[in-house]
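K.L.:
Right, I'll just put the structure down here and ask away after.
The values are calculated or read from the model by the stated rules, or taken from the named source; none is laboratory data. On a predicted model such as this, the values are computed, not experimentally measured, just so you know. Counting neighbours? That spans all protein chains shown, and the Cβs are built from the backbone with ideal geometry, glycine included. Ligands, DNA and RNA are stripped out before the accessible areas are found, and what is left, the full protein with its side chains, is counted by its heavy atoms. Shrake-Rupley method; radii C 1.70, N 1.55, O 1.52, S 1.80 Å.
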Amino acid sequence: MNIDWAALGSVFGVSLVVTVALVGLFTLGIVGLSKQPEPAAQGGSTGGSLMLARAGAYLCFGLCAAAVAYGIYLIVA
Amino acid sequence: MEHITLLLAIVIVTALVFDFTNGFHDTANAMATTISTGALKPKTAVAMSAALNLVGAFLSVEVAKTISGGIINEDGLRTEVIFAALVGAILWNLLTWLVGLPSSSSHALFGGLIGAAVMSAGWSSVDGGTVVTKVLLPAVAAPVVAGLAALLATRLTYRIGGGIRNDAQEKATAKGYRAGQIASAGLVSLAHGTNDAQKTMGIITLALVTGGVLSPGSNPPVWVIVSAGLAIALGTYLGGWRIIRTMGSGLTELKPPQGFAAQTSAATVILASSHLGFSLSTTQSCSGAVMGAGLGRRGGVVRWSTATRMFVAWGLTLPAAGLVGAGAEFLTKQGTWGVAVVAVLLVAGSGAIWLLSRRKPVGHDDVAPTGEDAEPAGVITTAIAAVTPPPPAGAAAVAVAVAVAPAVDTTTDLKTTIPAQPGTVAADPARPATV
């Protein structure tokens, strides 16, 4: 009986890192999208950062979608 | 097909029945948290899971050549042994479903195979080392890995999303988390279809080979693939609501971010482990992820009594299914009448368990999220979570939602519930008395 500790260790590490990274990315995306325009009193000067937040959010979602696609690829392959 | 003997036909039917119980037993893995956080309606969730299981069954042509993964020596396996193993696995699956505990269908199958093989050919036919590395260690490691990943992910998501305060934003983010949950639940379903449906295809193929219908090493015929896929999809669609309830809301109370973290962790662990050469058990990963996510939220509560019963069930799976498998093999060894007796016992046992389950039916109405899912986790909710007893496993003390007319109960408003838990209702009238 030989237990493949290396494989178990890598499963442990990869699962941990990937899960935390994915959830973190996704949450960043959600937070980015949920940024509401500041109340009108602030004026329109925040438009740029809002755009940036949106773009960042979509980038995060894109990365998550890529991860899902890779997951499907793993299942099929 | 005219070469198929009666015994072979019985084995094939039994394998499909096992496939079916596997489907409805493991729906919870993919869909329990999705349902309990309200990301998908119960019926929609199981329908989606069933469809993905069916797709998954057809996806991969790389059928597992050895169903037992080297645990037992498959060379001298007789058809009766496979039959006895399946009987053990099915009965254990049904029993754990009756008490609403998630347990691994693969372990049940392995247990049945081990028991039947030992009874048939002695201990030498079982590779003890492989049992440890392929069954015991993964079963212990899976919940730890998935739980820790889910715990950290939940912490992280609450920290990053900590700035979200007002209701409108919380609603908006809940929608996002739902989408994420659906995606990861889909992955789990797909992976389940490819893995577990193929296990059944492997069994049927093996039976056909041992029965002399197929030549050794041949791929499963199309009708085997189709029927195995359909059986697992049908089982998934009927939904093991009892287990879904335990996993979705019995172990802990999950909010959308937690559900998302748990589901992502489970999907990642399953995929990572099966492709890094150290397969971890799906059921154990999912349960571990749910508990980890439950602990990750501040004020989150894990009901350790339910968790303990689940751990006990995990520990019993192998020996219990093994004992039944061994007993069944003892009977089938006696000759044709033994096979007949086992078949009758299987039908009778399944029927008895089904009758018992009807005494306290659990349907899709009982697993829907309680009240408004976007509602913030108030002190009261947490307190209730702490005092509410675990879902009944045959205990009669807990509220059971009774659907009066199945035809009209699709709108949850028409649902009639009998609150047997006055404390819950008084504290939070908006919550239906669903546990």
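K.L.:
I need a count of the residues in segment A:1-20 that are more than 7 Å from chain B (Cβ to nearest Cβ) and open to solvent by less than 50 Å² (accessible area, probe 1.4 Å).
P.N.:
Filtering segment A:1-20 down to residues more than 7 Å from chain B (Cβ to nearest Cβ) leaves A:2, A:5-6, A:9, A:13, A:17.
Applying the additional criterion that residues be open to solvent by less than 50 Å² (accessible area, probe 1.4 Å) yields A:9, A:13.
Result for segment A:1-20: 2.
K.L.:
Could you tell me which residue of segment B:274-287 is surrounded by the fewest Cβ atoms within 10 Å (Cβ to Cβ), considering only residues that are in a helix (DSSP H, G or I) and within 11 Å of chain A (Cβ to nearest Cβ)? If you could, list the steps in order and put the result at the bottom.
P.N.:
Taking segment B:274-287 and keeping what is in a helix (DSSP H, G or I), we get B:274-275, B:282-287.
The next check asks that each one be within 11 Å of chain A (Cβ to nearest Cβ); those that pass are B:274-275, B:285.
Working: B:Ser274: 18, B:His275: 15, B:Ser285: 32.
Top of the filtered list is B:His275.
K.L.:
Evaluate segment B:315-324: report whether one residue or more is in contact (Cβ under 8 Å) with a residue 60 or more places away in the chain and in contact with a Leu (Cβ under 7 Å, 6 or more places away or on another chain).
P.N.:
Within segment B:315-324, one or more residues are in contact (Cβ under 8 Å) with a residue 60 or more places away in the chain and in contact with a Leu (Cβ under 7 Å, 6 or more places away or on another chain).
K.L.:
Out of B:Ser227, B:Ser189, which single residue is modelled with pLDDT of 85 or more and within 13 Å of another protein chain (Cβ to nearest Cβ)?
P.N.:
Only one candidate passes the filter, namely B:Ser189.
K.L.:
Tally time: how many residues in segment B:129-147 are open to solvent by less than 10 Å² (accessible area, probe 1.4 Å), within 11 Å of chain A (Cβ to nearest Cβ) and at pLDDT below 80?
P.N.:
0
K.L.:
Further question: What about B:Ile114, is it in a helix (DSSP H, G or I), modelled with pLDDT under 90 and open to solvent by less than 20 Å² (accessible area, probe 1.4 Å)? Before the answer, list the steps.
P.N.:
Values: in a helix (DSSP H, G or I): yes; modelled with pLDDT under 90: yes; open to solvent by less than 20 Å² (accessible area, probe 1.4 Å): no.
Taking the combined requirement at face value, the residue does not satisfy it.
K.L.:
B:Val126: more than 8 Å from chain A (Cβ to nearest Cβ), open to solvent by 20 Å² or more (accessible area, probe 1.4 Å) and modelled with pLDDT of 85 or more, yes or no?
P.N.:
On the way: more than 8 Å from chain A (Cβ to nearest Cβ): yes; open to solvent by 20 Å² or more (accessible area, probe 1.4 Å): yes; modelled with pLDDT of 85 or more: no.
So B:Val126 does not fit the description; no.
K.L.:
I'd like to check something: does segment B:312-334 contain any residue that is open to solvent by 20 Å² or more (accessible area, probe 1.4 Å), over 30 Å from B:Leu6 (Cα atoms) and of a type in the set (Phe, Trp, Tyr)?
P.N.:
Within segment B:312-334, one or more residues are open to solvent by 20 Å² or more (accessible area, probe 1.4 Å), over 30 Å from B:Leu6 (Cα atoms) and of a type in the set (Phe, Trp, Tyr).
K.L.:
Could you please let me know if B:Leu271 is in a helix (DSSP H, G or I) and within 11 Å of chain A (Cβ to nearest Cβ)? Give the derivation first.
P.N.:
Values: in a helix (DSSP H, G or I): yes; within 11 Å of chain A (Cβ to nearest Cβ): yes.
Yes.
K.L.:
Restrict the check to segment B:189-209 and report whether at least one residue is of a type in the set (Gly, Ala, Ser), surrounded by fewer than 22 Cβ atoms within 10 Å (Cβ to Cβ) and over 18 Å from B:Ala57 (Cα atoms).
P.N.:
Among the residues of segment B:189-209, not one is of a type in the set (Gly, Ala, Ser), surrounded by fewer than 22 Cβ atoms within 10 Å (Cβ to Cβ) and over 18 Å from B:Ala57 (Cα atoms), which makes the answer no.
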